[in-house]
Amino acid sequence: MEVVDVTERAERAGIAEEAGTAAWAEGREAADEPAESYEAVVVGGGAAGLTGALMLARSRRSVAVIDAGAPRNAPADGVHGLLGREGMPPGELLARGRAEVRGYGGHVVPGEVTGVAREPAAGTGDGGPGEGEGGFVVTLADGRSVRARRLLVTTGLVDELPPVPGVRERWGRDVLHCPYCHGWEVRDQAIGVLATGPMALHQALLFRQLSADVTYFAHTTEPPAGEDAEQLDALGVRVVTGEVAGLEIAADRLTGVRLADGTVVPRQALAVAPRMVARSGLLTALGLTPVAHPSGMGETIPADATGRTDVPGVWVAGNVTDMTAQVHAASSAGAMAGAQINADLVAEDTRRAVAARRVGV
């Protein structure tokens, strides 16, 4: 098995930082000037949004992706579990995605969407040739606006990290949350699990598969008891009680977890399960309300299996509706939503054509 060297991976990440996320956010990558209107506007330029736009552009739909350039996985060295792109830095993946969307005539516009409003339906209600569903006006922070017949929202989610000094600064580096995204890179290391909610025990069991040296920090939660404690003990997972006061960092690496009593437990990586909340402000304004995830880990926007929401003309994809979606799943959901939006537009276009034909007869 060939394994990418850590140094090589870091070098690739550095290249991508220059050519990918940073270049986009700072305006150093070529950007498209938005047209007045599109058949579809995608809000959010991550894996879900770009894949949805790619499907629409390949279906000869006019489409624009509006992206603020703040991907959730920006701190990570690489994307993992994505066939054919294993270990690729996130910025590089998104830069390639933007180029692919543009290659089929789609637009990618840097900017922050601050508002979305429904336009009244076209026509007079008599089924005439102008009849159709109402579209949307999408407003950007700089005052520009575009119109769209359909809307795909892929704004992702926000990780609400615990207020432990050092956690935010190390997030996505040696403070992690997903064993499938980062686990291989910390295999056989001294791993800690910071208990902040209902997923901590599950995290401990998953990371124990990757290392024999796992410590469960109860922090401000009750220590595991009963069957939970038995499981950890059977797997050799040490349980440490007491509040965590901060992280110990040396030479830009995590070296330990410091308790409130001053005790330092040497650790090289720390797993945290943050509460995850959908970036849903735009959708709330359209009448969509986030719902609690059954796991208790956060809130998402409900949608059917294709990403269609209860608001006509609005689809969602990626972490805004599925907090567990990794890059490949988010991309797949974006593809499904893009295809469904195209099919929905085909149906409306066909209704209009039939209505126009009948009027002309």
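The values are calculated or read from the model by the stated rules, or taken from the named source; none is laboratory data. Treat the numbers as computed from the prediction; the structure is a model and nothing was measured. Counting neighbours? That spans all protein chains shown, and the Cβs are built from the backbone with ideal geometry, glycine included.
How many residues does region 304-361 contain that are in contact (Cβ under 8 Å) with a residue 40 or more places away in the chain and hydroxyl-bearing (Ser, Thr, Tyr)?
Residues in region 304-361 being in contact (Cβ under 8 Å) with a residue 40 or more places away in the chain and hydroxyl-bearing (Ser, Thr, Tyr): 3 in total.
Could you grab me the full set of residues in region 269-319 that are among the charged types (D, E, K, R), part of a loop (DSSP other than H, G, I, E, B) and surrounded by 18 or more Cβ atoms within 10 Å (Cβ to Cβ)?
The one that is among the charged types (D, E, K, R), part of a loop (DSSP other than H, G, I, E, B) and surrounded by 18 or more Cβ atoms within 10 Å (Cβ to Cβ): Arg279.
Every residue in region 276-308 that is closer than 18 Å to Ala53 by Cβ and among the β-branched types (Val, Ile, Thr), please.
Hit for region 276-308 is Thr306, nothing else.
What's the number of the only condition in (1) in contact (Cβ under 8 Å) with a residue 24 or more places away in the chain; (2) out of contact with any helix residue (DSSP H, G or I) (no Cβ under 9 Å at 6 or more places or on another chain); (3) within 30 Å of Gln340 (Cβ to Cβ) that Thr154 fails to meet?
Thr154 satisfies every listed condition except (2).
Which of the residues that make up region 195-247 are among the aromatic types (Phe, Trp, Tyr) and in contact (Cβ under 8 Å) with a residue 60 or more places away in the chain?
The answer is Phe207, and nothing else.
So, in region 43-66, of the ones that are of a type in the set (A, V, I, L, M) and outside any helix (DSSP H, G or I), which residue ends up farthest from Ser280 (Cα to Cα)?
Among those residues, the one meeting the criterion is Val63.
For Val153, work out the one condition from (1) in the same structural domain as Leu259 (by TED's automatic domain parsing); (2) modelled with pLDDT of 95 or more it doesn't fulfil.
That leaves (1) as the condition not met.
Tally time: how many residues in region 67-114 are outside any loop (DSSP other than H, G, I, E, B) and of a type in the set (D, E, K, R)?
Residues meeting the conditions: 6.
For region 239-267: of the residues being in contact with a strand residue (DSSP E or B) (Cβ under 6 Å, 6 or more places away or on another chain) and assigned to a loop (DSSP other than H, G, I, E, B), which is nearest to Cys178 (Cα to Cα)?
Taking the candidates together, the pick is Arg267.
Go through region 186-199 and give me each residue that's modelled with pLDDT under 95 and surrounded by 20 or more Cβ atoms within 10 Å (Cβ to Cβ).
Once the filter is applied, which keeps residues that are modelled with pLDDT under 95 and surrounded by 20 or more Cβ atoms within 10 Å (Cβ to Cβ), region 186-199 yields Thr196, Met199.
Take region 320-361 and flag every residue that is in a loop (DSSP other than H, G, I, E, B) and among the charged types (D, E, K, R).
Within region 320-361, the subset in a loop (DSSP other than H, G, I, E, B) is 321-326, 361.
Scanning region 320-361 gives a single hit, Asp322.
Go through (1) modelled with pLDDT of 95 or more; (2) closer than 27 Å to Val79 by Cβ; (3) not basic (Lys, Arg) for Val137 and report which single condition fails.
(2)
Could you grab the pairs with beta carbons closer than 6 Å, sequence gap of 6+ or different chains, first residue in region 29-53 and closer than 14 Å to Glu112 by Cα, second one of a type outside the set (Phe, Trp, Tyr) and in a helix (DSSP H, G or I)?
These pairs meet every condition: Val42/Gly49; Val42/Gly52; Val42/Ala53.
Any idea how many residues of region 73-128 are more than 18 Å from Val41 (Cβ to Cβ), among the β-branched types (Val, Ile, Thr) and modelled with pLDDT of 90 or more?
1
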